Amino acid sequence: MATDLRLPTNAIVKPDKDRFLNEDNPFEAMMSRFDRAAELLDLEPGLYKVLRKPEKQIIVACPVMLDNGEIEVYTGIRVLYNTSRGPAKGGIRFDMQVNLDEVTALAAWMTWKCAVVNVPFGGAKGGVICDPLKMSVGELERLTRRYTAGIIATLGPDSDVPAPDVNTNERVMAWLMDTYSMHKGHTVTAVTTGKPVEMGGSLGRREATGRGCMLVTKEALAHLGMNVKGTTVAVQGFGNVGSVSAQLLAREGCKIIAISDRTGGWHNAAGIDVDDAINYVKQHKSLEGYGKGDPISNEDLLTLDVDVLLPAALENVITTKNAAKVRAKVICEGANGPTSAAADAILDEKGVFVIPDILANAGGVTVSYFEWVQDRGGYFWDEDTVNDRLRNIMVKGFRDVLGLSKQHKVNMRTAAYMVSISRVATVHRLRGIYA
Ligand code: NAD
């Protein structure tokens, strides 16, 4: 008989279902899904309380000498949500919208995302309240270094490993790694991921999220008995995730019939040449004026008659306002939080197969994990090795979630949260709660 690892209590969790009613808030939507999965898992109340609270929230003042000689003081935040399964993992964003609640919710999100693909990380997120577009390169570098120094007590390959996020990039990660290394007195590449390849970054990282979307979309099509060849796809957002997903799906034989970005979209029933569109964006910075098809709005793209819809831009684009009009058979959530919790029920009713964000876009964090492993081992893999290992993890993640979804007769989103929460819960039970 299997050992019963549950914590000693028989009481059942009864989440307050009215607590999360704001459809416009994707973080509330995420936590409402957490509650639903926790209820189905019959999570012990003590553990439920532990998993609903961040482990650590740090707020630091970051004084920075501006180019004009004045001192400005920025506010930096780092939240470690849960580290039971390993070092905290999560990006750092520079944005005026950064606030403690949002960073905490994003850190929780990272916890579930790492667990669903079973990479041995916990979840974190960080940010600095600033407008990076109004700052010089020198000011950004000084801000990055001062923020890094502010949170240095939590950082480290064994404790907290940041990555780029909104308005941060490889260069910011290079400054962070350098600052940390200067304080330690030796080079520590594994303190962050998303670094330039020349200094310990991983091959395949740039394409990893889009590659993961392609892999799980193929799994979904196979599960539904649909042929990949000729499958029609509409992609909202043509940045890193959207353009790579579209390119790789096209290579697999799909027909990409609509793409869009912040300037609007293009629809071509005969198929869009994705490589050509990527080259256009490289030259013109956006799809504005692309012209090889008919113009289509971002809103209309979401309700096109396609086999696969791949939202890869913004959160909260599929809501109660348009979910009933969605005609896609499969939605692959490249973006974080593109579907509201209320819209889930409508899509379920229509029989749309949704590959939820925490699974669909986990390719990025998976190759971040590979980068950390390579840095710690001091031995770097070729790109085929990275891509093969990514495929193994994404396919296994998809099948784990699909298996639980069938077993419990729940949709893929609920099953993904159940997989994640049960993995985190199991580790807490094994370790015991230090209470
Ligand atoms: P990106 O900045 O490279 O691209 C974003 C794209 O969305 C651009 O084409 C932009 O023009 C478009 N866009 C912006 N506003 C829009 C609007 N109002 N309507 C339509 N399109 C709009 O960003 P990215 O890295 O591709 O990330 C896209 C999404 O995927 C985000 O939700 C992000 O959080 C999520 N994500 C990214 C990664 C990653 O590794 N890059 C990993 C996990 C999740």
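How many Å² of accessible area per residue for the stretch 54-98, probe 1.4 Å?
43
In Å², and per residue, what accessible area does the stretch 252-407 have when probed at 1.4 Å with the other protein chains present?
44
Report, in order of residue number, the helices in the chain meeting two criteria: a C-alpha extent of 18 Å or more along the helix axis, and a mean Kyte-Doolittle hydropathy of at least 0.0; treat each whole DSSP H run as one helix. Intermediate results must be reported in sequence, preceding the final value.
On the way: long enough: 26-40 (21 Å, -0.22); 100-116 (24 Å, 0.79); 137-150 (20 Å, -0.74); 170-184 (21 Å, -0.45); 205-223 (28 Å, -0.43); 363-377 (21 Å, -0.30); 383-408 (37 Å, -0.70); 412-431 (29 Å, 0.23).
Helices meeting the criterion: 100-116, 412-431.
With both bridge residues required to lie in the chain, what share of the DSSP beta bridges run antiparallel, to the nearest 5%?
Counting DSSP beta bridges with both partners in the chain, the antiparallel share is about 50 percent.
Using alpha-carbon positions, what is the distance between the centroids of the stretch 234-258 and the stretch 27-70, in Å?
32
Can you tell me which lysines have their Cα less than 23 Å from the Cα of LYS89? Leave out same-chain residues fewer than eight positions away.
Candidates past the 8-residue exclusion: LYS49, LYS53, LYS56, LYS113, LYS125, LYS184, LYS195, LYS396.
First compute the accessible area of the stretch 208-360 with a 1.4 Å probe, then give the percent of it belonging to carbon and sulfur atoms.
On the stretch 208-360, the fraction of accessible area on carbon and sulfur atoms equals 48 percent.
If we sort 423-433, 90-100, 361-371, 405-415 on the protection proxy, mean other Cβ atoms within 10 Å, highest first, what's the order?
Ranking, from highest mean packing down: 361-371, 90-100, 405-415, 423-433.
Apply 1/(1 + (r/R0)^6) to the Cβ-Cβ distance of LYS134 and HIS408, taking R0 = 41 Å, and write down the FRET efficiency to the nearest 0.05.
The calculated FRET efficiency here is 0.25.
Of all the accessible heavy-atom surface of the stretch 46-129, with the other protein chains kept in place and a 1.4 Å probe, what percent is carbon and sulfur?
52
List the aspartates and glutamates whose Cα lies under 20 Å from the Cα of LYS350, skipping any in the same chain that are fewer than 8 positions away.
Filter leaves GLU23, GLU299, ASP300, ASP305, ASP307, GLU333.
By a straight-distance test (C-alpha under 18 Å), which lysines pair with LYS292 as possible cross-link partners, with residues fewer than eight away in the same chain excluded?
Answer for LYS292, where 18 Å is the Cα cut-off: LYS255, LYS282, listed by chain and number.
Suppose we look only past 41 Å in the calculated P(r) of the chain. What percent of the Cα-Cα pairs does that tail hold?
Of all Cα-Cα distances in the chain, 14 percent exceed 41 Å.
The values are calculated or read from the model by the stated rules, or taken from the named source; none is laboratory data. Since this is a predicted model, take the numbers as computed values, not measurements. Ideal geometry is used to build each Cβ from the backbone, glycine not excepted, and the neighbour counts take in all protein chains shown. Accessible surface areas use protein heavy atoms only, side chains included; no ligands, DNA or RNA. Shrake-Rupley method; radii C 1.70, N 1.55, O 1.52, S 1.80 Å.
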